[in-house]
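Following: one structure in structure tokens, then a few remarks.
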Amino acid sequence: MADYDLAIIGGGLNGVSIARDAAGRGLRVILFEQGDLGGAASSATPRLVHGDLSVLERRGFWRVRRALAERGTWLKIAPHLVRPMRFAIPSHSDERPPWLVRAGLLLYDRLTRRNGLPPSATIDITHHPVGNALKRPFGTAFEYSDCVVDDARLVILTALDAAERGAVIRTGARCVRADRTDIWRLAVVDRGHRRAITARALVNATGGWTSMVAETVLRQKPPAAGAIQISQIIVRRLFESDDVYVFQHSDGRLIFASPFERDFTLIGTATHPFKGDPGIVAMPAADVSYLCEAANRYFRERVEPTDVVRTVSGVNLAQDPAQRRLTRDGALVVDARRRRAPLITIFGGDVTISRLRAERAVSRLTPFYPMSPRWTAGAVLPGGDFAWQRFDDEVDVVRDRWRFLAEPQARRLVAAYGSRLSAVLGEATSRADLGPTFGPELTGAEVRYLMTTEWARFPDDILWRRSKLGLTMSQADRDALAAFMASVC
Ligand SMILES: Cc1cc2nc3c(=O)[nH]c(=O)nc-3n(C[C@H](O)[C@H](O)[C@H](O)COP(=O)(O)OP(=O)(O)OC[C@H]3O[C@@H](n4cnc5c(N)ncnc54)[C@H](O)[C@@H]3O)c2cc1C
């Protein structure tokens with residue numbers, strides 16, 4: 001008998017979503033990630049859970065409706081990671097006539113099932129926080145509702161839920177070979193140790209590495225797809241409003257400028273075909289200038305490449321790289337031949353549809369072994385058992401219990417851990433009870449929790465994926481953190 005029912009190569013959003021879905025259906029699952037969970041494209045997403053106006057513009061009404069329904073599901077199952085926001089489109093007629101934008105938003109509202117998010121509106125921004133940051137006198141803006149997501153933590157908590165349902169999650173474990181008979185025999189270099197496991201089915205969910213893994217590890221024909229790079233820039237906060245700005249750039253693309261981690265602004269995206277090793281992705285200077293130029297068409301305060309405090313880039317495959325974008329569904333290829341163990345290849349796709357994509361992939365395995373029915377739409381992620389409308393109440397409850405926490409810290413901790421915060425802070429009654437501190441926010445207690453429960457192994461795993469505290473932490477505190485993590489191991 002094979003060691004596992006399902007082995008998954010790749011710990012990005014696609015891989016962990018399949019692990020969660022399959023483990024919840026009673027399958028014996030193991031997942032191998034060569035680096036850190038969400039360490040590649042899945043922490044470089046536009047961080048949007050949305051219907052996507054650009055799909056609406058391409059008359060993808062059904063896709064938009066399905067995505068908006070999924071947005072409602074995400075608010076229910078991950079209220080700490082997925083937050084509702086107002087999005088503002090300054091109105092001008094350089095690209096699209098205002099009536100067309102307004103009509104599109106009215107249709108967007110119609111495609112949305114009632115879920116408590118406010119409908120779109122035309123707002124006068126002459127004397128309005130949205131208008132204050134803009135360089136030319138926009139009279140009006142169109143505001144609508146959508147959501148933002150902490151993409152990296154979505155990967156981590158999806159993996160955590162999979163593990164709590166029995167899946168084995170291995171990070172620092174690279175699959176180097178997979179032989180296929182009526183079962184799969186995998187060779188893995190797991191934190192320096194070579195190990196072999198067998199599984200009845202295999203998933204190749206290696207994102208930008210999909211073709212390389214197909215050819216060199218599975219020795220299979222790679223999928224007909226090309227790699228695309230997506231990039232964004234992070235700059236100091238450019239505006240007071242809590243809205244996400246949606247700008248129409250001169251090439252017709254929509255550029256988003258989002259409030260990011262209290263004191264920053266995330267601007268994106270720039271995409272183009274990619275050649276090279278997906279593990280070494282740097283943002284080209286031309287893409288940085290492109291996004292600065294897009295922002296400077298609107299914002300009063302100029303953004304120069306020298307203002308960029310961090311760039312975020314990822315690579316994934318797309319069936320038509322010339323389009324310079326991923327299709328929302330991504331690609332799912334099932335290869336099931338007689339007396340050959342099944343192989344699923346999954347790549348691309350966006351965050352909003354990721355849960356459905358995984359559900360569809362696992363359902364394709366039902367002919368091969370019995371499993372329980374679909375379940376993930378109704379099951380919260382760890383820490384998600386509270387109503388999204390009660391996020392602020394959760395923050396108040398936390399501040400009442402851990403009185404030494406300032407409001408911004410309590411808000412960050414609820415956004416990261418939700419109703420599971422007591423597993424991090426325990427019975428602490430003072431900050432000193434949480435051990436050493438690293439920078440203004442991170443404590444020894446939180447680091448221990450992330451190392452024992454969320455597979456954190458290196459400082460970057462904590463500073464850039466399990467939080468974004470890397471944006472404000474000094475080198476001295478990073479060194480202290482590295483020393484502390486080494487002592488905990
Ligand atoms: C051009 C582009 C546009 C995008 N547009 C959107 C968008 O509009 N909206 C949106 O929500 N998202 C968008 N995304 C992001 C998209 O959501 C992600 O691509 C998605 O999260 C899926 O990631 P993944 O799991 O397939 O890949 P990844 O997150 O890259 O994960 C693959 C993992 O496989 C691991 N791996 C590789 N080889 C091995 C091996 N041999 N052994 C073990 N592990 C291995 C890698 O280390 C990596 O962690 C875009 C991404 C790109 C690149």
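The values are calculated or read from the model by the stated rules, or taken from the named source; none is laboratory data. Quick caveat, the model's predicted, so the values are computed rather than measured. Neighbour counts are summed over all protein chains in view; Cβ atoms, including those assigned to glycine, are modelled from backbone coordinates with ideal geometry. The area values use the complete protein model at the heavy-atom level, side chains included, leaving out ligands, DNA and RNA. Shrake-Rupley method; radii C 1.70, N 1.55, O 1.52, S 1.80 Å.
The dipole here belongs to the chain: it is taken about the Cα centre, uses +1 on the Cβ of Lys and Arg and -1 on the Cβ of Asp and Glu, and is about 1760 debye. Among the protein heavy atoms of the chain, carbon and sulfur supply 52% of the accessible surface, probe 1.4 Å, non-protein parts ignored. Overall shape: prolate for region 388-488, with the ratio a/c of the largest to smallest alpha carbon gyration tensor axis at 1.5 or above and a/b above b/c. If you plug the beta carbon distance of residue 338 and residue 191 into 1/(1 + (r/R0)^6) with R0 = 35 Å, you get a FRET efficiency near 0.40. Taking every DSSP helix (H) stretch of at least 4 residues in the chain, weighting each as -39,500 (n - 2.57) and dividing the sum by the residue count yields a mean residue ellipticity at 222 nm of -9000 deg cm²/dmol. For the pair residue 390 and residue 57, the difference between a 0.36 nm per residue extended length and the Cα-Cα distance amounts to 116.5 nm.
The order of the peptides 35-43, 465-473 by mean Cβ neighbours within 10 Å, most packed first, is 35-43, 465-473. Distance between the pseudo-spin-label points of residue 285 and residue 479 (7 Å out from Cα toward the beta carbon): 3.2 nm. For the set 76, 275, solvent exposure ranked by accessible area (probe 1.4 Å, protein chains only) runs largest to smallest as 275, 76. Taking the square roots of 5 times each eigenvalue of the Cα gyration tensor of region 106-247, largest first, gives ellipsoid semi-axes of 47, 18, 17 Å. Projection of the Cα convex hull of the chain, averaged over all directions and equal to a quarter of that hull's surface, yields 22.7 nm². Accessible surface computed residue by residue for the chain, with neighbouring protein chains in place and a 1.4 Å probe, gives 42 Å² per residue. Straight Cα distances below 28 angstrom link residue 221 to the lysines 275, with same-chain residues fewer than 8 positions distant left out. Accessible surface for residue 404 stands near 50 Å², nearest 10, in the context of the full protein assembly shown (1.4 Å probe). Note on surface exposure: 160, 53 rank 53, 160 by accessible area, highest first, 1.4 Å probe. Computed with every protein chain present, the accessible area of residue 197 is close to 10 Å² [probe 1.4 Å]. A simple rule links phi to the HN-Hα coupling: the Karplus curve 6.51 cos²θ - 1.76 cosθ + 1.60 with θ = phi - 60°, which for region 209-215 gives 8, 3, 5, 4, 5, 4, 6 Hz, with x for Gly and Pro. Ranking of 313, 289 by solvent-accessible surface, largest first: 289, 313 (1.4 Å probe, protein heavy atoms only, all chains present).
Full extension of the chain segment joining residue 432 with residue 221 gains 70.3 nm, where the gain is 0.36 nm per residue of separation less the Cα-Cα distance. Shape call for region 17-107 from the C-alpha gyration tensor, a ≥ b ≥ c root eigenvalues: rounded (a/c under 1.5), prolate (a/b greater than b/c) or oblate? Cα axes put region 17-107 in the prolate bin.
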